[in-house]
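Quick notes on the structure that follows.
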Amino acid sequence: MPTDKQIDAATDAYLKARGWSDDTIKANFLTRTEVRGRMEVALKAAEEAADVQNAG
């Protein structure tokens with residue numbers, strides 16, 4: 001399971017890839033929180049899919 005630190009890093013990387021600056025991320029905390037929630041779900045799903053594939 002991804003750690004909170006990994007989820008935060010993935011969330012910030014996702015937002016920065018879309019042109020958000022650090023200041024924009026800080027100023028839009030609620031949007032970041034929403035994106036973080038979706039990122040958490042996506043990372044968990046990817047991990048579960050990898051586990052299923054590895055179990056073969």
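The values are calculated or read from the model by the stated rules, or taken from the named source; none is laboratory data. Bear in mind that the values here come from a model prediction, so they are computed numbers and not experimental data. Neighbour counts run over all protein chains shown; Cβ positions are idealised from the backbone, glycine included. Note: accessible area is taken over every heavy atom of the protein model, side chains too, but ligands, DNA and RNA are not part of it. Shrake-Rupley method; radii C 1.70, N 1.55, O 1.52, S 1.80 Å.
Length, then width, then depth: along the principal axes, the Cα atoms of the chain run 44, 18, 15 Å. Per-residue extension of 0.36 nm, minus the Cα-Cα distance of K5 and R38, leaves a gain of 10.4 nm for this segment. Apolar share of the accessible surface for the chain: 55 percent from carbon plus sulfur atoms, 1.4 Å probe. When each of the peptides 33-40, 2-9 is scored by how many other beta carbons lie within 10 Å of its residues on average, the order from highest to lowest is 33-40, 2-9. The distance from the alpha carbon centre of region 1-23 to that of region 25-47 is 8 Å, rounded to a whole number.
Full extension of the segment from A27 to N54, taken as 0.36 nm per residue of separation minus the current Cα-Cα distance, would add 5.7 nm.
Between the listed residues L43, L30, A55, the Cα displaced farthest toward the positive end of the dipole of the chain, a dipole computed from Cβ unit charges relative to the Cα centre, is found at L30. Karplus-derived 3J(HN,Hα) values for region 49-56, using 6.51 cos²θ - 1.76 cosθ + 1.60 with θ = phi - 60°, are 5, 5, 5, 5, 5, 6, 6, x Hz; glycine and proline are entered as x.
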